[in-house]
Structures are given as structure tokens and as C-alpha cells.
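**Q** Next up is a structure, given as C-alpha cells.
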Amino acid sequence: MGISIWVWVIIGFVIIGGIAALVRAGAREVASEEDDLLTSRLIEISEQGELTSLEDIELSQPFNERVIVPFLLRVGEFSARFTPQHLIEDTELKIELAGNPIRMAASTFLASRFVLAGFLGGFLFLVFMFSPPSTVDLNPYLIVPLFAVLGFFFPQLWLQGKIDSRQKEIQKAMPDALDLLTICVEAGLGFDAAMSKVSEKWDNELSLSFSRAIREVQLGKLRRDALKDMADRIGLAEMTSFIAAVIQSEQLGVSMAKVLRIQSEQMRIKRRQRAEEQAHQAPVKMVIPMAFLTFPSIFIVLLAPAAFSMAENFDIG
């Protein structure tokens, strides 16, 4: 047993040394990419008279921007050489569907899964190794791999949760946004100007998607391509059908206001149908909490006096 522990200790030191080397190398590469940003910060802060060097600005940044992000970038670049291309593309699509909440490349996100798994597994291994046997009454050969697997799959589950919440938010906002689009187009505005009004009116995921599509059009991208890319980044069937109807109306010369009004009515019907579906599912979902929480309490309140009375009678007899 002692030999196996020392083997794990040596492996741990090798891993820590490798991580330190990766952090150092990543810091060098990221420093070259962020020189312009640091220089602009230096100019801005030097005008205020607070800091006077790039080193001071780097030290003023949060710990995650100075150490964690460069480390993940370096690990992501290294792991991208051994990661299949289809897996990277699938992860990039999921990050786009989530709205890119982490501002991280796909290869870096995939590397973070291994880093988190190694961190959780290594941390628990050290806890089991240095804790007295009497304080830890668990099987380390079961707990350590379990938490390593949990750390590996947690980023993926978190990203899927972000995708679901973003799509639900967009589904909820689409009918009102299409109503505003219809009003603006009927008032004489163009479709791009109407989308700009929607992006200015609200501050949600749908308005951010509209504003990004508008910026792409302003940079020279065709409007139909920008709208198709927006639908791909959202990943909702309702948005895909809406964009297809808008593009088809432009190609066939159909009135945009009429198409928008029809789409708005359809979106409201679908939202009403989703609400009715959730209402029908509510009784089924309430069975489990009622069976395990409500009914036992009712039984205790109703049957406890009778139980006490029966116990007293048996004692008297």
C-alpha cells in the first residue's frame, strides 16, 4: 500500500509540474496577444495618474484573467491537436447556442473538462491520503473516480442548461418582438430599422441576436445570410420558420407587414399551446411531492390522536 501511495505522490508532482509549465508557457503566448489591450489600458489609466506600467496593470487584473484564463488557453491549444474536428465543431455550435456565456473557444472548453476532473479527483485523493483513517470512513477508490467523472461532465451539463434557458427566454420574447416588428414595418420602417428598434426596446437574448445580425449586415454581409446565421445560433424551430418566411417574402415580393403579422399570430398560438401543455402536465408533476410530503403530514395529523388513544387503552388493559 505504501508503494502505491508513493507512486501516486510522484504522479501528482509530475502533474503539478506540467501544469506550472503550461501556465508559464500560456502566459507568454497570451501576453503577446493582449499587448494592444494592455497598452490601451495603460494609456487610459496613466491619464488618470493611477498606474504607470504594464506590470502594474497586469497585477491589477483579477486572478482568473492573469492565471486561470492563460492556463486554459494553453491547455486548449495543446488539446486541440488531439481532438477530433467534428467534436470541436459540435462544441462550437453548443457554445453559440448558449450565447457564448464564457467567451471561450471550443478547444479551451473541452480542455476545461479534463482540468476540472483532474482537480476534483486530485483534491479528493489528497484529502483521503493525508486524512487520518478514523476521520474518513469512505472508500477512496469509489469516491475519487466518481468526483472525477462528475467534474468531467459538469461543464457539459452547465452548458446544456445555458442553452435551454436561453432558448426558453427567446421563445418567451418572440411574440412581443414580432408584434413590435409588425408595427414598425406597417409604420413605414424597413426591416433592418425595425429590428434595430426591437434591439433598442429590450435587453434580452433575442434583442442581442437582432443587434448582432444588424451589425453583420452593416459590415457587408447579405441580410439573408445574416438572418440564417442568427437562426442557426438560436436553434429554435420557431425562429427558423420565421427567418425562412422573411427571406421568402423578400424573394417573392410579398408584403413584409402581412408576413410579420401572420408570423406573430402563429407565435402567440404556439405560446398559448405551450402554456396549455404545461398546465396539463402540472397535476402529474404534483403527484410525487404530494405523495411524499403532503399525504404523510395529513396522515400524521389525522391518525396521531387515534394512535395515542389506542395506545392508552392498551396500557390500561
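**Q** In the stretch 252-289, what count of residues is obtained for those that are under 30 Å from A187 (Cα atoms) and among the hydrophobic types (A, V, I, L, M, F, W, C)?
**A** Count: 9.
**Q** Give, as residue ranges, the helices (runs of 4 or more DSSP H) completely inside the stretch 214-317 that count at least 1 residues that are of a type in the set (K, R).
**A** Where helices (runs of 4 or more DSSP H) fall fully within the stretch 214-317 and carry at least 1 residues being of a type in the set (K, R), they are 223-234, 256-289.
**Q** Just to be sure before I move on: is K258 modelled with pLDDT of 85 or more and over 31 Å from the mean Cα position of the chain (by Cα) in the structure I sent?
**A** yes
**Q** Scanning the stretch 226-245 for residues that are under 18 Å from T182 (Cβ atoms) and buried (at least 19 other Cβ atoms within 10 Å of the Cβ), which turns out modelled with the lowest pLDDT? Write out each step before concluding.
**A** Of the residues in the stretch 226-245, the ones under 18 Å from T182 (Cβ atoms) are 227, 238-239, 241-245.
Subset that is buried (at least 19 other Cβ atoms within 10 Å of the Cβ): 227, 238-239, 242-243.
On the way: L227: 90, E238: 86, M239: 89, F242: 89, I243: 90.
In this case the residue turns out to be E238.
**Q** Oh, and also: Tell me yes or no: at least one residue of the stretch 155-170 is assigned to a helix (DSSP H, G or I), among the aliphatic types (A, V, I, L, M) and touching a Ser or Thr at 6+ places or on another chain (Cβ under 8 Å).
**A** yes
**Q** Within the stretch 138-145, does at least one residue satisfy the condition of being under 24 Å from the mean Cα position of the chain (by Cα), more than 23 Å from I247 (Cα to Cα) and surrounded by fewer than 19 Cβ atoms within 10 Å (Cβ to Cβ)?
**A** No, the stretch 138-145 has no match at all.
**Q** Can you find even one residue in the stretch 168-185 that is touching a Gly at 6+ places or on another chain (Cβ under 7 Å) and within 26 Å of I102 (Cα to Cα)?
**A** No, the stretch 168-185 has no match at all.
**Q** Quick one: which residue in G122, G99 is of a type outside the set (S, T, Y), in contact (Cβ under 8 Å) with a residue 60 or more places away in the chain and not in a loop (DSSP other than H, G, I, E, B)? Talk me through it step by step, then tell me what you get.
**A** On the way: G99 fails: not in a loop (DSSP other than H, G, I, E, B).
G122 is the lone residue from the list that is of a type outside the set (S, T, Y), in contact (Cβ under 8 Å) with a residue 60 or more places away in the chain and not in a loop (DSSP other than H, G, I, E, B).
**Q** How many residues are farther than 30 Å from E89 by Cβ and either in contact (Cβ under 8 Å) with a residue 60 or more places away in the chain or part of a helix (DSSP H, G or I) (or both) if we restrict to the stretch 193-213?
**A** Qualifying residue count for the region: 7.
**Q** Residue by residue through the stretch 246-282, note down the ones that are under 22 Å from A231 (Cβ atoms) and among the acidic types (D, E).
**A** The answer is E250, E265.
The values are calculated or read from the model by the stated rules, or taken from the named source; none is laboratory data. It should be emphasised that the depicted structure is a prediction, and the values quoted were computed from it without experimental measurement. Here the Cβ is made from the backbone with ideal geometry for all residues, glycine too, and neighbour counts use every protein chain on show.
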